[in-house]
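The values are calculated or read from the model by the stated rules, or taken from the named source; none is laboratory data. Quick caveat: nothing in here was measured; it's all calculated off a predicted structure. For neighbour counting, all protein chains shown are included, and Cβ atoms are generated from backbone atoms with ideal geometry for every residue, glycine included.
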Amino acid sequence: MRTLLTKAVIPAAGLGTRFLPATKAQPKEMLPVVDKPAIQYVVEEAITAGIQDVLIITGRGKRSLADHFDRSFELEYYLKRADKLDELNGIVEISESADFYFARQPEPLGLGHAILMSKAHVGNEPFAVLLADDLMAPNSTVLSEMMILNQNTNKIILALKEVKPEEISMYGCVSYKETENANVVKITEVVEKPEPEAAPSKLAIMGRYVFSSDIFDYISQIAPGKNGELQLTDAIQLYLQDHEVLGYVFTDGRYDIGNKLDYLKTNFEFALNRPDLKEGVIEILKDLSRRYL
Ligand code: UTP
């Protein structure tokens with residue numbers, strides 16, 4: 001009987017340099033999308049997929065992340081007294097819906113290194129990694145499909161999405177072989193941020209992974225690359241020499257918040273999907289386009 005996946009790891013210790021100065025004193029993962037920090041959407045996605053053990057890898061700005069998922073009795077008392085019960089439920093619910101753990105990455109030495117910080121917590125179990133740069137559409141089933149695929153095959157699963165050729169140099173890219181399942185590919189190579197002419201395909205690795213615990217051995221073996229960072233793609237490439245890795249290809253919504261323009265677009269789109277905000281946002285967009293276009 002294979003071990004059921006119960007743990008999610010969310011690396012949140014990067015420097016977020018593309019978002020300075022907003023990220024000088026707070027993690028990028030705490031930037032709000034409409035009215036929730038980005039990381040909360042990702043935590044909710046993990047919970048929806050059935051995961052209740054969430055390990056957040058933190059570096060600088062640890063306090064705000066830990067405080068956000070902790071109970072705040074003072075605030076709760078105030079909201080109760082002010083009869084702001086919706087707001088009260090909103091903040092209590094997320095704190096109670098999972099068990100939160102924190103591990104510290106002493107230096108931002110890359111995504112591979114950040115994941116290595118989860119080794120003691122994860123033990124010998126499979127685990128999911130979710131990057132809070134990438135938000136999935138509400139009700140996305142990508143993570144749960146990946147977990148089922150891992151459960152059925154015992155293999156590492158990467159989330160893949162087709163991107164425009166000119167965008168591939170922002171992502172890890174894969175070469176692959178098709179399988180009898182249209183959503184599943186067998187990955188043969190991973191290349192970090194290739195130039196469009198050198199990219200082996202249009203399939204880019206998105207920020208959702210299901211790993212088996214033996215990935216830690218491979219991360220430990222790779223040499224630091226650019227800026228002394230341990231690149232996760234290097235570890236996956238090494239892993240591929242000994243094991244099969246599968247890709248789960250999805251087409252539905254995925255929103256980037258790692259750079260300023262996509263972050264703004266994500267905010268508008270999430271707000272347009274909220275019945276309480278939709279009309280107001282449409283009015284704002286109409287007004288702005290009248291004045292600026
Ligand atoms: P990114 O490369 O997108 O994040 O890493 P970054 O380095 O913070 O951003 P820029 O490029 O400087 O603007 C993807 C995810 O991995 C985490 C980040 O916090 C982000 O969620 N990460 C990255 C770590 O936890 N530790 C690291 O050493 C690097």
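Of note:
- In the range 87-109, residue nearest to L230 (Cα to Cα) [restricted to those that are of a type in the set (D, E, K, R) and more than 10 Å from the ligand (Cβ to nearest atom)]: R104
- Yes/no for S289 being of a type in the set (S, T, N, Q) and away from the ligand (no atom under 16 Å from the Cβ): yes
- Scope the range 235-262; condition more than 24 Å from E145 (Cα to Cα), assigned to a helix (DSSP H, G or I) and at pLDDT 95 or above; matching residues: L238
- Only listed residue being within 16 Å of the ligand (Cβ to nearest atom), over 19 Å from the mean Cα position of the chain (by Cα), at pLDDT 95 or above and surrounded by fewer than 21 Cβ atoms within 10 Å (Cβ to Cβ), chosen from S201, S220: S220
- Only a single criterion out of (1) under 18 Å from I91 (Cβ atoms); (2) among the small types (G, A, S); (3) in contact with a helix residue (DSSP H, G or I) (Cβ under 7 Å, 6 or more places away or on another chain) is not satisfied by A66, namely (3).
- Being modelled with pLDDT under 95 and within 12 Å of the ligand (Cβ to nearest atom) is a property that A137 lacks.
- Residue check, Y292 farther than 30 Å from T179 by Cβ and either at pLDDT 95 or above or surrounded by fewer than 18 Cβ atoms within 10 Å (Cβ to Cβ) (or both): yes
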